[in-house]
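One structure is given below, encoded as structure tokens.
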Amino acid sequence: MPESGVRKMVLPAKYVQGEGVLGQLGVHVKQFGERPFVVSGKTSFSKVKARVQASLLAAGVPLVGFDDSVVECTHAKINAISTRAEELDVDVVIGCGGGKAVDTGKAVAEKLHVPSISVPSQCATNADGMADAVIFTEDHKFLEDLYLSRPPVLVLVDTEVVARAPPQFLVQGMGDALACAFEKPAYAATQRAKRANELATSAALEVNLRCFQTLMTHGLQANKDVESGKITESVEAVVEAIKLQSGFGFGGGGCAAAHAVHNGLTIVPGIARKHGEIVAFGTLVQMVLEKRPMGEIERVMRWCKSVGLPIRLQDLGRLDRSRLPEAAEKACDPNDSMASMPFAVSPRMVLDAIDEVERLASALS
Ligand SMILES: [Zn+2]
């Protein structure tokens with residue numbers, strides 16, 4: 001490997017976002033295939049099915065089939081859908097819905113060696129443009145992160161669709177995107193120090209900064225607008241931050257302490273918040289671990305509070321706190337993303353950082 005490392009960036013070939021763009025789906029699909037197949041969840045697909053079918057038909061590439069039975073992204077589901085799609089001679093797979101549906105769609109496309117397209121139905125995740133699929137067991141336990149040979153060729157985000165989903169999805173997506181602003185620089189620094197094979201490009205790091213600024217500038221307004229059913233410039237800006245900017249360009253991963261803390265906390269009985277919300281709390285923990293300036297931590301904490309993201313353990317649910325040492329232990333699992341921090345983190349440090357977040361949060365108001 002060259003002395004100065006290898007820079008790498010993985011992106012979807014096309015990103016299209018706007019009110020009503022679902023109507024253009026067929027025109028875009030036509031550029032990649034002629035026999036499209038949709039992979040979706042029942043509720044998500046029922047909301048867009050008529051428009052998807054009409055758009056594909058109008059472009060002369062009618063839907064050859066669909067499977068709207070995805071509730072979890074499992075190997076069994078991927079295999080079953082792949083078999084059926086193969087019989088139908090499918091040449092492009094459209095994953096339509098939340099993270100589990102688009103991940104299943106991407107994995108099916110990979111098996112068929114055909115392009116995949118993501119059409120998200122909500123904003124809780126940035127899985128749409130990523131070249132991976134998070135695989136779970138039938139009983140909803142995390143199994144593995146399956147890396148795919150290529151990202152989707154198109155991510156098509158109809159703001160009208162995603163903004164009409166329950167507002168909490170946008171909040172969850174903002175929590176996950178917030179983490180990226182801190183995890184990706186940490187991951188990039190670690191990769192650089194290790195002189196690893198996949199270094200972040202400066203373009204990816206720039207977009208990452210932009211993502212953070214967008215959240216801070218437009219997050220609260222976007223949240224209010226979505227709650228009152230309005231699609232505004234702030235909503236569009238935040239949707240782009242979540243769907244494109246937060247995942248921009250990091251092909252080989254990019255998570256660090258925030259997601260590791262999330263993974264640890266998910267084993268604590270009583271946790272009631274969703275992925276992006278727990279990750280936002282994990283971000284505050286990471287900021288303390290990094291010994292960031294108090295003013296910076298407070299700014300992010302205030303922002304989290306303003307949009308309804310958790311800043312204290314009690315915001316996460318009625319947690320069994322006796323299990324926190326176990327959670328901290330799990331957060332520091334050497335196979336988890338804590339290993340992407342540029343310095344060693346012990347379970348004790350995680351517990352202390354959680355205490356510090358608690359102290360800062362109670363001193364806030
Ligand atoms: Zn996440």
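The values are calculated or read from the model by the stated rules, or taken from the named source; none is laboratory data. These numbers were taken from a predicted model, which means no experiment stands behind them. Note that we place each Cβ from the backbone using ideal geometry, even for glycine, and neighbour counts take in every protein chain shown. All accessible areas refer to the heavy atoms of the entire protein, side chains included, with ligands and DNA or RNA removed. Shrake-Rupley method; radii C 1.70, N 1.55, O 1.52, S 1.80 Å.
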* Structure fact -> Going through the stretch 66-99 in order, the residues found to be open to solvent by 10 Å² or more (accessible area, probe 1.4 Å), without any contact (Cβ under 8 Å) to a residue 40 or more places away in the chain and touching a helix residue (DSSP H, G or I) at 6+ places or on another chain (Cβ under 8 Å) are Phe66, Asp67, Asp68, Ser69, Val70, Val71, Lys77, Asn79, Glu86, Gly99
* Can you name the residue in the stretch 255-276 that is within 11 Å of Met341 (Cβ to Cβ) and small (Gly, Ala, Ser) and is also surrounded by the fewest Cβ atoms within 10 Å (Cβ to Cβ) among such residues? -> Ala260
* Asked: Is one or more of the residues making up the stretch 134-144 in contact (Cβ under 8 Å) with a residue 40 or more places away in the chain, under 30 Å from Ala222 (Cβ atoms), touching a strand residue (DSSP E or B) at 6+ places or on another chain (Cβ under 7 Å) and part of a helix (DSSP H, G or I)?
  -> no
* Only one of Val285, Val279 is over 25 Å from Glu198 (Cβ atoms) and surrounded by 18 or more Cβ atoms within 10 Å (Cβ to Cβ); which? -> Val285
* Taking the stretch 349-365, which residues are closer than 15 Å to Met294 by Cβ and small (Gly, Ala, Ser)? -> Ala353, Ala361, Ser362, Ala363
* Could you run through the stretch 200-235 and say how many residues are away from the ligand (no atom under 16 Å from the Cβ), among the hydrophobic types (A, V, I, L, M, F, W, C) and open to solvent by 20 Å² or more (accessible area, probe 1.4 Å)? => 8
* When both residues are 6+ apart or on different chains and their Cβ atoms are under 7 Å apart, which pairs have a first residue that lies in the stretch 167-180 and is within 19 Å of Lys230 (Cα to Cα) and within 10 Å of the ligand (Cβ to nearest atom), and a second that is open to solvent by 10 Å² or more (accessible area, probe 1.4 Å) and in a helix (DSSP H, G or I)? -> Gln172/His275
* Asked: Are any of the residues in the stretch 242-249 farther than 18 Å from Met338 by Cβ, out of contact with any strand residue (DSSP E or B) (no Cβ under 7 Å at 6 or more places or on another chain), among the hydroxyl-bearing types (Ser, Thr, Tyr) and away from the ligand (no atom under 16 Å from the Cβ)?
  -> no
* To do: Give the residue, chosen from Ser46, Ser40, that is small (Gly, Ala, Ser) and either closer than 15 Å to Val153 by Cβ or surrounded by 15 or more Cβ atoms within 10 Å (Cβ to Cβ) (or both).
  => Ser40
* Asked: When the residues of the stretch 132-145 are filtered to those that are surrounded by 17 or more Cβ atoms within 10 Å (Cβ to Cβ) and within 19 Å of Ala179 (Cβ to Cβ), which remaining residue is nearest to the ligand (Cβ to nearest atom)?
  -> Val134
* To do: Within the stretch 194-205, identify whether any single residue is more than 13 Å from Cys123 (Cα to Cα), touching a residue at least 24 places away in the same chain (Cβ under 8 Å) and under 17 Å from the mean Cα position of the chain (by Cα), and answer yes or no.
  => yes
